[in-house]
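So the structure is just underneath, and the comments pick up after that.
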Amino acid sequence: MREEQMYTVTEVNRDPKKSKGSFLAVNPGMLKGEEGLHWLDANQLDTISGEFQAVTVRNMAWKDANAWEERQKYWENWMQKKKRVHLLALGDVGSTVLIGLKLLGGDCIEEIGICDLDENVCKRWECEMNQTAFPWEYDRLPQVKIVDTEHLFDCDLFIFCASKGIPPVGSEVKDVRMAQFEANRSIVGMYGKMAREKGFQGIFAVVSDPVDPLCKAAFLASNEDAEGNFDAKGLLPEQIQGYGLGVMNARAAYYAKQDSRFADFLTDGRAYGPHGQDLVIANSIQNYDDELSKELTQMTVEANLRTRELGFKPYVAPALSSAAISLILPMEGKWHYSSNFLGGVYMGSRNRYTMGGLEIEPLPLPGKLYERLQKAYQGLEAVL
């Protein structure tokens, strides 16, 4: 990221349980009322006459003016430097994420710290990764080092890949991701509290399934006092992002390349919602076709089952498309897919980090498409 533009700051006071701490408002409608799903639909925001200058919005319910100034200094530095990345858990997904970050992160990653319950697993991957190099360009790729839990949050980007297990190949479970929620909720909550205790200022990236409700679980746990009351003294909502939508977008593109009926997706399509059954794929924004979009969505949702039918766990494409690639993009300040906080719910959409804060993409959405987004949003809202 080499953005140098600075933005005017506007202060608001909104319910911290339902509103981000800071963000980049690209439409005047974002300065009014409460945030929510409607921020994704330009039709429901203000019609802009003339050019609207984007502004940074700070929610004073989260921090006072001095604390926000300190936060801004940290953020400007974060945007411009190479990142220290720490990755928790080196199972099938975590180790594949590590490989992707090692090979792709030379321009934006300073070093990668790895942590796992099994010390030998850490030693194996430290050895393997640091023996991966270009000849005569031995510093071209980021170095990998082992970190302990005490120093897990001494980083700019923390990646949560821990999981209590995935249903085995041949399992009758249809929505594998939601089956993992209760098992993984307590784990992510523990690390959310740890981030609070360490005063972590970086990005808390959730890769473990289901990413959207696990983001919410991390957010709530991080902002609870000793009595379990919400106190807004932990991670900001926008510090937490879930990385699961990238592979759904990639799977939709895979099928669109094979069937000319879906060709519009490759230039004007979008992915929204959770990494699971309520996923929303739009074949096109300008030429939206509800039936085609639902057909492409179903194919995308079931893509992982096709891999399982072959006798394999479908973790490689998610680890690379949803995690490694999708984590490199925000570190470079580029548009990507991830789950973000919208009115108290974490839900996936296209977004990017800027000097002025997190920018969510609003588009003029067709009515039938927005109805599908509402269903997905309500489903996520009901989970947690």
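With respect to SER349, determine if the residue is surrounded by 18 or more Cβ atoms within 10 Å (Cβ to Cβ) and under 19 Å from LEU235 (Cα atoms).
Judged against the criteria, SER349 is not a match.
Tell me which strands (runs of 3 or more DSSP E) are completely within the stretch 107-226 and hold 3 or more residues being at pLDDT 95 or above and surrounded by 22 or more Cβ atoms within 10 Å (Cβ to Cβ), or say none if there are none.
Answer list for the stretch 107-226: 109-115, 157-160, 203-206.
Assess whether VAL247 counts as being surrounded by 23 or more Cβ atoms within 10 Å (Cβ to Cβ), of a type in the set (A, V, I, L, M, F, W, C) and closer than 21 Å to VAL93 by Cα.
Answer is yes for this residue.
Does the stretch 253-281 hold any residues that are of a type in the set (Ser, Thr, Tyr), closer than 17 Å to LEU373 by Cβ and surrounded by fewer than 24 Cβ atoms within 10 Å (Cβ to Cβ), and which are they?
Scanning the stretch 253-281 gives no hits.
Across the stretch 79-118, what is the number of residues that are under 17 Å from the mean Cα position of the chain (by Cα) and of a type in the set (A, V, I, L, M, F, W, C)?
8
Yes/no matrix, rows are residues, columns are (1) in contact with a Phe, Trp or Tyr (Cβ under 6 Å, 6 or more places away or on another chain); (2) within 26 Å of GLU35 (Cβ to Cβ); (3) of a type outside the set (A, V, I, L, M, F, W, C):
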position	(1), (2), (3)
TYR288	no, yes, yes
LEU292	no, no, no
GLN298	no, no, yes
ASN304	no, no, yes
THR307	no, no, yes
TYR315	no, no, yes
MET331	no, yes, no
PHE341	no, yes, no
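Just a yes or no: is a residue in the stretch 181-196 within 24 Å of ILE360 (Cα to Cα) and acidic (Asp, Glu)?
For the stretch 181-196, residues within 24 Å of ILE360 (Cα to Cα) and acidic (Asp, Glu): absent.
Yes/no matrix, rows are residues, columns are (1) touching a residue at least 24 places away in the same chain (Cβ under 8 Å); (2) aliphatic (A, V, I, L, M):
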{"position": "ASN27", "(1), (2)": "yes, no"}
{"position": "LEU31", "(1), (2)": "yes, yes"}
{"position": "LEU37", "(1), (2)": "yes, yes"}
{"position": "ASN43", "(1), (2)": "yes, no"}
{"position": "ASP46", "(1), (2)": "no, no"}
{"position": "GLU51", "(1), (2)": "no, no"}
{"position": "MET60", "(1), (2)": "yes, yes"}
{"position": "ALA67", "(1), (2)": "no, yes"}
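Here are the criteria: (1) within 22 Å of LYS375 (Cα to Cα); (2) in contact (Cβ under 8 Å) with a residue 24 or more places away in the chain; (3) of a type in the set (Gly, Ala, Ser). Tell me which single one SER284 does not satisfy.
So SER284 meets the others, but not (2).
Which count do you get for residues in the stretch 69-84 that are of a type in the set (D, E, K, R) and in contact (Cβ under 8 Å) with a residue 12 or more places away in the chain?
Here the count works out to 6.
Only one of (1) closer than 23 Å to ALA42 by Cβ; (2) of a type in the set (Ser, Thr, Tyr); (3) surrounded by fewer than 18 Cβ atoms within 10 Å (Cβ to Cβ) fails for THR307. Which number is that?
All conditions pass for THR307, except number (1).
The values are calculated or read from the model by the stated rules, or taken from the named source; none is laboratory data. In this text the structure is predicted, and so the values were computed from the model without any measurement. In this analysis, Cβ positions are derived from the backbone assuming ideal geometry, glycine residues included, and neighbour counts consider all displayed protein chains.
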